[in-house]
Amino acid sequence: MNPQTDWPMPPCADDAQFFAAPKPGPNNSLVVLLPGAYCRPQDFVERGFVAELGERHPHAALLLLPIDPLAVTQGVALSRLADALAPWRDHYERIWLAGISLGALLTLAHLAESAEGVEGALAIAPYLGTRALEQAIRGSGSPAAWAAMQTPDWDARELEARVWYWLANGGAHQLPVSLGLAHDDRFRSSQNLAGDCWPAEHRFGVPGGHDWSAWRALWTLWLDRVNFSVSETHR
């Protein structure tokens, strides 16, 4: 896949990259991929994510968006993502979201806010919040018990609480959302806790830690399972 300069609409961020489908088909699909904190969209190119998608799913286009940790802290990341996605909906029938680490958190937070217009998603090695939040959830007995005690009126900076509340209330069962984990990820404790909120058939894992080699392997496993041309991620 080669980056396109004649985008369907103006770029939504200076270092975003768009790759048209090598073999466009009647069922237009767009995959939107978000990196982790302090990673760049270009890292996906250099690590082979883009080439593998083009080779294995040539009917899907790809949009790489940057992620700004400061925007997450300031509470504007979620609205920026929604604004970035909005114009693409007129050009693609099916939009799939995927993210790594902090990008996975933002992906899930977007679904928690509104999953409308999203066909499916992938959360690779998601960062799910502070140890204090994890301990509060564990102390409640389960994510569902924790959620039952919450008043869901968080501000835009509280992405982690939004995501946990959505997961505890069956969010990952409402559309095909895959969870990819590495066995020795440094966030594995919170990921295991959240994993109980996912359908077993949508969870998969690989050896490794919170690093690019594991993330690439998880991307490959998702591409083994996904079918971007239909309304069900797992065939």
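Annotation note: Cβ proximity below 9 Å between a residue of the stretch 135-158 that is at pLDDT below 85 and open to solvent by 50 Å² or more (accessible area, probe 1.4 Å) and a residue that is small (Gly, Ala, Ser) and in a loop (DSSP other than H, G, I, E, B) (sequence gap 6+ or interchain) occurs for Asp155/Gly75; Arg157/Gly75. Of the numbered criteria (1) among the polar types (S, T, N, Q); (2) under 26 Å from Pro41 (Cα atoms); (3) modelled with pLDDT of 95 or more, the one Ser189 fails is (2).
Residues are listed down the side, and each one gets a yes or a no for (1) small (Gly, Ala, Ser); (2) crowded, with 20+ Cβ neighbours inside 10 Å; (3) over 17 Å from Glu160 (Cβ atoms):
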site: Val72; (1), (2), (3): no, yes, no
site: Ala77; (1), (2), (3): yes, yes, no
site: Ala82; (1), (2), (3): yes, no, yes
site: Tyr92; (1), (2), (3): no, yes, yes
site: Glu119; (1), (2), (3): no, yes, yes
site: Leu122; (1), (2), (3): no, yes, yes
site: Tyr127; (1), (2), (3): no, yes, no
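Taken over the stretch 176-214, the criterion of being in a helix (DSSP H, G or I) and more than 23 Å from Ala161 (Cβ to Cβ) is satisfied by Ala200, Glu201, Trp212, Ser213, Ala214. Against the conditions (1) open to solvent by less than 60 Å² (accessible area, probe 1.4 Å); (2) closer than 30 Å to Glu46 by Cα, Ser114 satisfies every one except (2).
Just for the stretch 215-235: of the residues that are assigned to a loop (DSSP other than H, G, I, E, B) and more than 16 Å from the chain's Cα centre (by Cα), which one is modelled with the highest pLDDT? Walk me through how you get there before you give the answer.
Applying the first criterion (assigned to a loop (DSSP other than H, G, I, E, B)) to the stretch 215-235 yields 226-235.
Then keep just the ones that are more than 16 Å from the chain's Cα centre (by Cα); that gives 227, 229-232, 234-235.
On the way: Asn227: 88, Ser229: 75, Val230: 64, Ser231: 52, Glu232: 44, His234: 38, Arg235: 35.
Of everything passing the filter in the stretch 215-235, Asn227 is modelled with the highest pLDDT.
Evaluating Tyr127 against the criteria (1) part of a loop (DSSP other than H, G, I, E, B); (2) more than 16 Å from Asp68 (Cα to Cα) leaves one unmet condition, (2).
If you check Leu70, Leu85, Leu108 for being part of a helix (DSSP H, G or I) and touching a Lys or Arg at 6+ places or on another chain (Cβ under 9 Å), only one passes: Leu108. Considering (1) surrounded by 15 or more Cβ atoms within 10 Å (Cβ to Cβ); (2) of a type in the set (Lys, Arg); (3) touching a Gly at 6+ places or on another chain (Cβ under 9 Å), the lone condition that Arg186 does not fulfil carries the number (1).
Within the stretch 202-224, the set of residues being touching a helix residue (DSSP H, G or I) at 6+ places or on another chain (Cβ under 9 Å) and open to solvent by 50 Å² or more (accessible area, probe 1.4 Å) comprises Arg203, Pro207, Arg216, Asp224.
Residue check: is Ser101 open to solvent by less than 40 Å² (accessible area, probe 1.4 Å), farther than 22 Å from His57 by Cβ and among the small types (Gly, Ala, Ser)? Can you show your working first?
Numbers: open to solvent by less than 40 Å² (accessible area, probe 1.4 Å): yes; farther than 22 Å from His57 by Cβ: yes; among the small types (Gly, Ala, Ser): yes.
Judged against the criteria, Ser101 is a match.
How about the stretch 42-65: which of its residues are under 19 Å from Leu105 (Cα atoms) and either at pLDDT below 95 or among the hydrophobic types (A, V, I, L, M, F, W, C) (or both)?
Residues of the stretch 42-65 that are under 19 Å from Leu105 (Cα atoms), as a first pass: 43-44, 63-65.
Those that are under 19 Å from Leu105 (Cα atoms) and either at pLDDT below 95 or among the hydrophobic types (A, V, I, L, M, F, W, C) (or both): Phe44, Leu63, Leu64, Leu65.
The values are calculated or read from the model by the stated rules, or taken from the named source; none is laboratory data. Treat the numbers as computed from the prediction; the structure is a model and nothing was measured. With ideal geometry, Cβ positions are generated from the backbone for all residues, glycine too; neighbour counts draw on all protein chains shown. Quick note on the areas: whole protein, heavy atoms, side chains included, nothing else; ligands and nucleic acids left out. Shrake-Rupley method; radii C 1.70, N 1.55, O 1.52, S 1.80 Å.
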